[in-house]
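Structure record follows, encoded as C-alpha cells.
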Amino acid sequence: MDLIALGAAAVGAVVGAFTRSLAEAAVPPNLFARIAKKPSPFNNIQTKWNACWGPDREHVETEFETIEITRQRGNRIWGKATQSSQGGRSEQVWELEGLLIDGRHLQLMYYPSAKSPRPDVSDYGYYLFVKQGSGDFEGMAVGEGPEPNGQDTIRADFCRMKRIN
C-alpha cells in the first residue's frame, strides 16, 4: 500500500513539473502585464479632439479648444489642451492627466502647462465625460480660472468632445 502511494506521489510530481514547464513556455511571465498596458481598439482615444463648452446643452458650442491625447497606458491618459487666441487673449496650453474608466467614463484634470505663453495663469479644473454611441464624449467641465473681467471664478459648463478625423 505504501509503495503504491509513493509511486502515485512520484508520478504526480513529475506530471506537475512537466505541466508547469509547458505553461511557462507557452505564456511569457509578463504577457498579461503587457496586454493590460495597451488599450483595446475600442478604448483607444489617443488622437486629437475638438472640444467645446457652454452654459447649457443648447449653447455648448460657444467656446472651443483642441484636446490631444498624447499618451494612453491602460486606463491612464495624458495629453494637452490648446485654446487659440480669442477676444484679445493669447493662446493658452494646459496639461491633461486622467482616467478612462470602463471605456466609457473619462475623467481629465487640467492645469497650466509650463510650455504655455502664460504658465502662471490660475486656471485649473476637471472634465467629466461619458462616451456616447457615436464615439463622441459629452459631460461637464468644472474649473477655477480668470474671467474676461479679470476676476477668478469657479464655473461649471456643459462640454462636448468630438474626434478630429
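What follows draws every value from the coordinates through simple rules; no lab data is involved. Computed from a prediction, not measured in an experiment: that's the story for all the values here. Counting neighbours? That spans all protein chains shown, and the Cβs are built from the backbone with ideal geometry, glycine included.
Points to keep in mind about this one:
- Partner aspartates and glutamates for LYS162 [C-alpha distance under 15 Å; skip if fewer than 8 residues away on the same chain]: GLU61, GLU63, GLU65, GLU68, ASP136, GLU138
- Each of THR153 and TYR126 was given a label point 7 Å from its Cα along the Cα-to-Cβ line. The distance between the two points is 2.1 nm.
- For region 48-163, the extents of the C-alpha atoms along the principal axes are 39, 33, 21 Å, listed from largest to smallest.
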